[in-house]
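A short worksheet on the structure shown next.
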Amino acid sequence: MPIYIARGRLTTPGASKPLQNPAGKLRGKLPVYVLTSAVTQDWAGVSFKLRNEHVWDGFIILALLEDHERRGKTLRVPHTGEQRFRFTKAMDERNARIRLVGQPEWAHYCNRCMRVWEDEKGNLSKIHVVVIDGITIGHPCCGVLHCPTPLASNRDRYCPDHVDEDKKCAVEGCGVFCDIDNGFLTCSDPGHRHLETVHKKRDKAMFQLRTRRTAEITAEEFEEMEILSGDCPATKDPNGNRKIRALFGWRKSHNEQIIVRPCGMIIARATFFGSETVTQTADFIHKTFRTKDSMPDIVFYDNNCSLYKHLVHVEDPLVKTVGFPVDVFHWECKHKKNTVECSYHCSPLLFPELIGEQKAWHFNSSIAEQTNVWLGGFHAILREMGASKFDFFLDEMIMRKNKLTLAKLEAEGACPGLRPL
Ligand SMILES: [Zn+2]
Ligand SMILES: [Zn+2]
Ligand SMILES: [Zn+2]
Ligand SMILES: [Zn+2]
């Protein structure tokens with residue numbers, strides 16, 4: 001029998017009033033309720049064992065209720081259907097809202113992430129900074145490269161738009177139907193079939209090493225090898241031999257990118273499917289800061305040299321208004337400085353405004369990397385989550401971390417606030 005908790009009162013379906021609270025006492029802050037004998041009979045055969053699903057439901061319901069309370073709305077979920085699907089629509093709605101309007105701290109500023117100073121002529125200047133970095137955590141996603149459409153079920157290898165791909169050879173670019181009736185995921189091309197045989201042998205060896213349920217979602221299982229050019233489109237290459245690559249398991253989204261203020265406030269997050277490319281990073285910046293005034297003055301990113309080159313190539317006006325330095329440690333130790341972008345445009349030494357009154361770097365440009373260490377702690381929890389729960393969970397954890405960061409900034413006198421953008 002389900003229990004409904006409404007405004008702190010414990011009730012059962014059909015009960016006209018809350019369960020008895022004979023003593024009317026409070027233990028701590030919570031009222032103590034005693035189950036009547038009629039109710040306890042109904043509970044016969046029901047296990048009180050706390051399972052993972054109960055904890056998840058508790059987490060999701062609390063997060064959704066708080067989200068609705070903040071907006072003065074009522075949370076409505078279906079009373080029919082499977083329990084695991086009851087909150088999916090409500091989670092998707094919040095995920096879409098956060099994607100559109102951003103995290104509540106999206107317009108944050110404080111004196112750790114925004115520097116305001118007076119020049120020799122008495123003019124006030126300001127720079128507001130963000131740091132971008134990625135982390136390779138992901139969730140099962142559609143096997144078609146860069147496809148963002150969620151899977152209907154975590155057991156599927158392709159999204160509803162690409163279901164037919166499941167019948168095709170696993171070798172990327174092949175497109176011929178596979179011999180699925182005989183248990184093969186590749187077509188009859190000898191090279192493709194050989195790749196599958198090698199993969200199955202490796203898989204068998206791995207299976208003996210670690211006990212694994214056959215139905216369990218596995219990590220991405222790519223296999224690749226050098227092959228002579230053949231007639232198949234996947235191996236057609238004017239330069240002769242080339243590598244073929246096949247996906248035998250489930251594809252996972254490639255990485256999560258975050259935009260963080262140097263004070264630690266996380267203001268945006270995005271999933272990059274397939275790979276991390278500067279085109280996607282540029283798109284992420286534009287989608288996060290849609291108005292001119294909201295655009296940061298400085299964007300730190302480890303791959304700014306390539307990002308800057310891309311922005312110049314596509315004639316993006318951002319290169320004229322935003323500075324794209326590389327974090328000083330990365331620039332000194334990991335960049336070759338053999339291009340004009342690397343040695344000049346993205347050199348942190350050419351941005352004197354990044355140095356504060358104390359003649360030291362004013363901003364913590366490693367903050368995104370440090371934040372990603374924290375995010376990486378959720379790796380094991382996130383690994384097999386569906387896209388809706390994955391996004392919902394990450395957004396919720398970011399919101400909760402931001403609340404702690406805000407309290408810390410207030411306590412330390414960093415004067416945090418929200419810009420009226
Ligand atoms: Zn700040
Ligand atoms: Zn797809
Ligand atoms: Zn093939
Ligand atoms: Zn560089």
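Bear in mind these aren't lab numbers, they're just calculated from the coordinates by the rules spelled out. Keep in mind that this is a model prediction, so the values were computed, not measured. In this analysis, Cβ positions are derived from the backbone assuming ideal geometry, glycine residues included, and neighbour counts consider all displayed protein chains.
Rounded to a whole number of µm²/s, how large is the Stokes-Einstein D of the range 247-325 at 20 °C and 1.002 mPa s, given Rh as the Kirkwood radius over C-alpha pairs?
My calculation gives 156 µm²/s for D.
Could you pull out which residues in the range 125-155 have an amide N less than 11 Å from a spot 7 Å beyond the Cα of Arg419, following the Cα-Cβ vector?
126-130
How much FRET efficiency would the formula 1/(1 + (r/R0)^6) give for Lys204 and Arg51, where r is the Cβ-Cβ distance and R0 is 35 Å, rounded to 0.05?
Approximately 0.60, to the nearest 0.05.
Give the distance, in whole Å, between the Cα centre of the range 98-119 and the Cα centre of the range 363-392.
Centre-to-centre distance over Cα atoms comes out at 21 Å.
What trypsin sites (Lys or Arg not before Pro) does the range 64-144 have in DSSP loop regions with at most 14 other beta carbons within 10 Å?
Arg71, Lys73, Arg76, Lys121
Using the beta-carbon distance between Asp293 and Phe378 and R0 = 35 Å, what value does 1/(1 + (r/R0)^6) give for FRET efficiency, to the nearest 0.05?
Efficiency for this residue pair is about 0.55.
Between Val116 and Lys359, what is 0.36 nm times their sequence separation minus the Cα-Cα distance? Round to one decimal in nm.
Gain on stretching Val116 to Lys359: 86.0 nm.
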